[in-house]
1. Semi-axes of the equivalent ellipsoid for region 237-339, please: Cα gyration tensor eigenvalues, times 5, square-rooted, ordered largest first, whole Å.
2. Once the dipole of the chain is set up with Lys and Arg at +1 and Asp and Glu at -1 on Cβ about the Cα centre, which of 141, 255, 68 lies farthest towards its positive end?
3. For region 111-251, go through all pairs of different Cα atoms, get the mean of 1/r, take its inverse, and jot down that Kirkwood value in Å.
4. What percentage of all Cα-Cα pairs in region 237-296 are separated by more than 18 Å?
5. In percent, what relative contact order does the chain have, based on Cα pairs under 8 Å that are 6 or more apart in sequence?
6. Give me Rg/Rg_expected for region 74-118, where Rg uses Cα atoms only and Rg_expected = 2.2 N^0.38 Å with N residues.
7. What ranking, highest mean first, results for peptides 320-327, 188-195 when packing means the other Cβ atoms within 10 Å averaged over each residue?
8. If you take the C-alpha gyration tensor of region 283-324, multiply each eigenvalue by 5 and take the square root, what semi-axes do you get, largest first, in whole Å?
Amino acid sequence: MVAAVAQRQVRYVTPVPAGAAEGPVARVYDQVVEEMGLVIPPVLVHSPAPTTLAAFWALFRESLIASGDVDRAAKETVAAAIGVATTCPYCVDMHSVAMYELATEEDAEAVVADRSADLADGRLRALVRWAATAHLDARTALPAQLTTAGRAELLAVLVSMHYLTRVVNVFLPGFLLPSGLTPRARRRFKRGVAQLMRSLLHRYNAPGRALGRRTSRSAGVPPTWAAAVPPLAAAYTGAAEAFEEAGARSLSPAVRRLLWDRLAGWDGSDPGLDTRWCERLVAGLPEPERAAGRLVLLTAIASYRVDAEVVAGFRRHHPDDVTLVEAVAWAAFTTARVIAGRQDATGAQRTAGDAFGNRPVPR
């Protein structure tokens, strides 16, 4: 019943049902169920493209689920705050529910309402302030008392969530909890879900065990911020290669170059509801690439603006599910790696595109 509801939440693509999964998809599903209780919709979204699914699961599992120097409460708080910053209500619901169990109900709702000053826990308050602005040029530094490994883990959450919020905004509805609930009923519902998740949220999950995780064949240099945590460094280098290959399969060099050029001058701000900036950038491309460029740019800069019309325009030229998932995933990850590239383990500024080595050259 729960699995059927989760599958119905996915838009635009047909996910692989948990009962019909085989090979690498089945193996990832099994681990997701073991560590999260069910195959969650963000995992289902990726299932038409198995290598992209494995790359996403490596990102998400090794940053948020695997145990490390930073406790799960801090990671879920950062995840919820990034959901607010990227206008992803689904992600805000998902991670604030975890905060009900790992932190406090009042602190969770303060994050949901974008009121960081109201958090009673000073440690979490500092992390929320960082997470809310880490994607901007004028950003707040990570708290100085963190260990080097702890900084690496939170920067990994930053990448995972800036990736995931964009993908979720495209493929999932704008809510996780049932619609129509009153504020009091929402809180009651969250309390109930948090209690059901209690044992999973407090369990130990060994780092480096993400199933389907690939080893980079090109032996790329891992990001400097991940070096203190070898399982993270390995997972992210392999994921970066997988996402680049997905982009090369699904998008032309001109479209990928268009996004890299836009991100090079992007200050992290939200352009709002006006999409004329996007139309100006794609105007010089032929129609198939214009449709792809529109999808990629909006996914990266204003993912909540990707609607059925944008997706339909892309699918007129690329009707299969795999290409759509890979195109969106590449755009989301490219943006996340640029955001990470602005910070290293000490919070120092870095150049866009330098999070996993030099900027890839579209081919």
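The values are calculated or read from the model by the stated rules, or taken from the named source; none is laboratory data. The structure displayed is predicted, hence computed values, not measured ones. Cβ atoms come from the backbone with ideal geometry, glycine included; neighbour counts cover every protein chain shown. All accessible areas refer to the heavy atoms of the entire protein, side chains included, with ligands and DNA or RNA removed. Shrake-Rupley method; radii C 1.70, N 1.55, O 1.52, S 1.80 Å.
1. Values: eigenvalues 67, 61, 30 Å².
Calculated on Cα positions only, the semi-axes equal 18, 17, 12 Å.
2. Towards the positive end, the residue furthest out is 255.
3. 18.2 Å
4. Result for the distance tail: 41 percent.
5. Relative contact order of the chain: 22 percent.
6. On the way: Rg = 8.8 Å, N = 45, 2.2 N^0.38 = 9.3 Å.
With N residues counted in region 74-118, Rg over 2.2 N^0.38 Å equals 0.95.
7. 320-327, 188-195
8. Largest first, region 283-324 gives 15, 14, 8 Å.
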